[in-house]
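**Q** Below is the structure I would like to discuss, written out as structure tokens.
What follows draws every value from the coordinates through simple rules; no lab data is involved. Just so we're clear, the structure is a prediction, and the values are computed from it rather than from any experiment. Cβ: placed from backbone, ideal geometry, glycine included. Neighbour counts: every protein chain shown.
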């Protein structure tokens, strides 16, 4: 009598799932692939460059110097008594993380269409890898910020940590998820409307000026401040500055608004991405 054996398959082909069916367990099972993509993003980008990882420091330093000259000295925009290098650098590093998450995930389908058409793996792995690799870059630049912060602290500049320091991990998570959500929405849309990819870079630059990166909220007129409030990034950036510099405008309602917006954008992004990935091969 033959013995019946039960086989476990690596992949089971199933009927097309609904819009709300996101297999997070499968994403977890492919976590090793996620780490490989993260390693690729971090290592290969600067592997054949002369300065290598030093570029992680060069970019925020050069941006900070330009802001000091243009917005600090020429335009004369005040910084609430905070040293200009600290004020600008605090906004630059957290904004860079958002923009990197957004821009790198917004071209997921177009950049990886050949790989997606040949190999199966959960498509969300790719944009998630961009968020994680961007987090590594953020912490490297955050180290630069801490060095500058300690320099001014030793020099006797009256900067102080706020109780909002406990919320810094939450601010970082909000930035990551907001960038991921917007990226998922736009990468799904660019599979049909390629013109959008030319507008994304320009749109991110405009969005930065609608976020208190180069100016404090206290300097914004009341009529305009009302519109800045509806930018969920504003509250995150202000909370980050308040945590480390003791100057900023963060309210419970503002933080709650940013949290709700992030959750909505992320859910909408995942749903649209989940729908698009089923048919994008026939579109791109």
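**Q** Divide by every residue of the chain the summed helix terms, -39500 (n - 2.57) for each DSSP H run of at least 4, and state the resulting mean residue ellipticity at 222 nm, rounded to the nearest 500 deg cm²/dmol.
**A** Numbers: 12 runs with 179 residues, N = 284.
Helix contribution divided over all residues of the chain: -20500 deg cm²/dmol.
**Q** Right, next: Helix 196-209 against the longest principal axis of the chain: what's the angle in degrees, Cα atoms only, rounded to the nearest 10?
**A** So the inclination is approximately 30 degrees.
**Q** To continue, here is another question. To test your reading of the geometry: what angle, between 0 and 90 degrees and rounded to tens, separates the Cα axis of helix 84-105 from the longest principal axis of the chain?
**A** The helix 84-105 is inclined about 20 degrees to the chain.
**Q** Fewest Cβ neighbours within 10 Å first, please rank 28, 55 accordingly. Provide the component values of the computation, followed by the final result.
**A** Details: 28 10, 55 13.
With the fewest neighbours first, 28, 55 line up as 28, 55.
**Q** So, one more: Do you know the relative contact order of the chain, to the nearest whole percent, from alpha carbon pairs under 8 angstrom that are 6+ apart?
**A** Relative contact order comes out at 26 percent.
**Q** Using the count of nearby Cβ atoms within 10 Å as a rough guide to exposure, how do 261, 101 rank from fewest to most? Don't skip to the answer; put the middle values down first.
**A** On the way: 261 18, 101 27.
Lowest count first: 261, 101.
**Q** Can you give the angle from 0 to 90° between the axis of helix 252-276 and the longest principal axis of the chain, with both taken from C-alpha atoms, to the nearest 10?
**A** Helix 252-276 and the main axis of the chain meet at about 30 degrees.
**Q** Continuing with this model, one more query. Which whole-percent values make up P(r) of segment 138-218 when all C-alpha to C-alpha distances are grouped in 5 Å steps starting at zero?
**A** With 5 Å bins starting at 0, P(r) equals 3, 10, 12, 19, 19, 13, 10, 6, 4, 2, 1, 0.
**Q** If only Cα atoms are counted, what is the Rg of segment 175-259, and what is its Dmax, in Å?
**A** 14.7, 46
**Q** Looking only at 253, 106, 218, which one moves most when the chain is put into a Gaussian network model with springs between Cα atoms under 10 Å?
**A** Evaluated over the chain, the most mobile residue of the options is 253.
**Q** How long are the three semi-axes of the equivalent ellipsoid for segment 226-267, computed from the Cα gyration tensor as the root of 5 times each eigenvalue, in whole Å, largest first?
**A** 19, 11, 8
**Q** Running Debye on segment 43-177 with equal point scatterers at the Cα sites and no solvent, what base-10 log of I(q)/I(0) appears at q = 0.09, 0.11, 0.18 Å⁻¹?
**A** Computed log10 I(q)/I(0) values: -0.36, -0.52, -1.13.
**Q** Can you pull a Stokes-Einstein diffusion coefficient for segment 99-140 at 25 °C (0.890 mPa s), Rh from Kirkwood over Cα pairs, as a whole number of µm²/s?
**A** Details: Rh = 10.9 Å.
Here the translational diffusion coefficient equals 225 µm²/s.
**Q** For a quick check: sort 104, 275, 192 by the number of other beta carbons within 10 angstrom, fewest at the front. Provide the component values of the computation, followed by the final result.
**A** Numbers: 104 22, 275 15, 192 11.
Least crowded to most crowded, the residues run 192, 275, 104.
**Q** Hey, another quick one. Limiting things to C-alpha atoms, what are the Rg and the maximum Cα-Cα separation (Dmax) for segment 61-282, in angstroms?
**A** Values for segment 61-282 (Cα only, Rg and Dmax): 18.5, 62 Å.
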